[in-house]
Amino acid sequence: MNHNFPLETLKELHKPQMDYLISEFNKVQKEAIQIKFKHKSFNVNKDKSVLESKIHSIGLFSGAGGLDIGAQLAGSKVISSLDFDSDSVRTLSANKYFKHTNHFHKDIRDIDANLYKDILKKNNPEKLILIGGPPCQPFSKAGYWKKHENRLGSEDPRNMIGNYLRLIEDIKPSGFILENVESLLHPKNVEAVEKLEEAIEKLGYYHIKLRANSADFGVPQKRKRVFFIASKNKINSEPLKTHGSEKERNLNNNLKPYERVIDWIGKYDDIKYSDDYDSTEGKYFEDLMAVPPGQNYIALTEKRGYPNPQFIAGKRYWSFLLKLHPFLPSWTIIASPGHWEGPFHWTGRRLRLKELAGIQTFPEDYNFVGSRRSIQKQIGNAVPPLMGKVVVEHLIKHL
């Protein structure tokens, strides 16, 4: 497929920036840079291959289903999902990929193992996995890992990790995955993480702690997350990276280049996918248009030699006026960006919902339900399905 990158959208660039940018591309015509790309998205809603699997998953904190999709791509049938956000539950219900799944719009604090008694009896899995990404705000203090008689568990209104571990104790799955933000491993959380790991061991599980960047596993996005992968059996390895930088590939011939974001969203740079949210007209519009693809506001500072500095480097969020580069992975897609927070499309417009979903590797035919703001939040909060697939596959190997 071909993508026309209009030169008109680059007219505000400083000449040295323009010259450098054009040198990066193979073919430049009079009015546009022509970029060849291969559309890499995939479909799932007609896929029934997972229905015969005897390895089943129960999703908790499912959101729009990123980790649940990943589980099924890995070969584990998702027999139940749960989330307290009604739009997310409607999204899951709107996809035939989960037609066999029992979807619950509930708060984890209000349920126990009895909710799954009939579901487990009906499906009769040979192996069962629990998957989910519970919020982590309070766990450094009163949490599940306190002495059994003293733990707050569900009594702490914020303690979702405690409630997740409570269900693991009651349901006793063959293994589980607990996903969270990378900042969970910040030095200030060392003691709390140690107690979490101690709790996992007391429940009778071996585990590894995986700090992962989704770009290393074929996702066209730099997104750092941490996964606790736990099984009744020992896990002595981590999932092998599949993609890497040029330097890494020189040392390891098995690695592929990082995914180019254009191969996942180039198709959607068509008027039929546009919406009222495309426009970036406003206070910083001209500044945004002067930022080259792949850079942010720092391109317009004295530090970068900009002739008429508009900003001071280090005085803004990194994502301020941040633009994608079509040949590189995206930066992290967030759930609720500010008005001038990126990443923006390399042409200077806002990203469309199909593009946000594509960057997260949601299937092309996956249906989302809710307002635009709600859908962006669902997408931004999700585990990229292809990343989830890698993690669940690794767990399945060790069940």
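How many nm separate the modelled label positions at His39 and Phe285, each set 7 Å beyond the Cα in the direction of the Cβ?
3.0 nm
When the accessible area of segment 199-288 is computed with all protein chains present and a 1.4 Å probe, what percentage of it is carbon and sulfur?
For segment 199-288, the apolar C and S fraction of the accessible surface comes to 44 percent.
In whole Hz and in residue order, list the ³J(HN,Hα) couplings for segment 249-262 that follow from phi through the Karplus curve 6.51 cos²θ - 1.76 cosθ + 1.60, θ = phi - 60°; x for Gly and Pro.
So the Karplus estimates, Gly and Pro as x, are 6, 5, 9, 9, 5, 7, 7, 9, x, 4, 5, 7, 4, 5 Hz.
Report, largest value first, the span of the C-alpha coordinates of the chain along each principal axis, in whole Å.
Projected onto its principal axes, the Cα set of the chain covers 68, 46, 45 Å.
With θ set to phi - 60°, apply the Karplus curve 6.51 cos²θ - 1.76 cosθ + 1.60 along segment 279-291 and write out the HN-Hα couplings as whole Hz, x wherever there is a Gly or Pro.
Result, ordered by residue: 5, 10, 4, x, 3, 10, 4, 5, 5, 4, 5, 8, 8 Hz.
For a quick check: with amide H placed at 1.01 Å from N, whose amide H comes under 5 Å from Ser81's, ignoring anything fewer than 5 positions away on the same chain?
Close amide H contacts, sequence-distant or interchain: Gly59, Asn102, His103, Phe104.
Could you give the Stokes-Einstein D for segment 218-269 in µm² per second, using the C-alpha Kirkwood radius, 20 °C, 1.002 mPa s?
Numbers: Rh = 13.7 Å.
The diffusion coefficient I find is 157 µm²/s.
With every protein chain kept in place and ligands, DNA and RNA left out, what is the accessible area per residue of the chain? Probe 1.4 Å, answer in Å². Numbers along the way, then the final one.
Values: 19330 Å² over 399 residues.
Averaged over the residues of the chain, the accessible area is 48 Å².
Quick one: of the DSSP bridges fully inside the chain, what percent are antiparallel, nearest 5?
Values: 23 of 45 bridges.
Of all bridge pairs located within the chain, approximately 50 percent are antiparallel.
Given C-alpha coordinates of segment 233-385, what is the ratio Rg to Rh with the Kirkwood estimate of Rh?
Taking Rh as the inverse mean 1/r over Cα pairs, Rg/Rh reads 1.02.
Can you compute 3J(HN,Hα) from phi for each residue in segment 353-362, using the Karplus curve 6.51 cos²θ - 1.76 cosθ + 1.60 with θ = phi - 60°, rounded to whole Hz and x for Gly and Pro?
After applying 6.51 cos²θ - 1.76 cosθ + 1.60, I find 4, 4, 6, 4, 5, x, 5, 7, 6, 5 Hz.
Can you list residues from other chains, or at least 5 along the same chain, whose modelled amide H is less than 5 Å from the amide H of Phe344?
Leu322, Lys323, Leu324
Build a GNM of the chain with springs between Cα atoms under 10 Å: which of Gln34, Gln221, Gln376 gets the top mean-square fluctuation?
Between Gln34, Gln221, Gln376, it is Gln34 that shows the largest mean-square fluctuation.
Express in nm, to one decimal, how much length is gained between Asp118 and Asn252 on full extension, taking 0.36 nm for each residue of separation and deducting their alpha carbon distance.
43.4 nm
Report, by chain and number, residues whose modeled amide H sits under 5 Å from the one on Ala32, excluding near sequence neighbours (fewer than 5 apart, same chain).
Hits under the 5 Å cutoff: Leu7.
The values are calculated or read from the model by the stated rules, or taken from the named source; none is laboratory data. Not measured: the values here are computed from a predicted model. Cβ atoms come from the backbone with ideal geometry, glycine included; neighbour counts cover every protein chain shown. Just the protein is used for accessible areas: all its heavy atoms, side chains included, with ligands, DNA and RNA removed. Shrake-Rupley method; radii C 1.70, N 1.55, O 1.52, S 1.80 Å.
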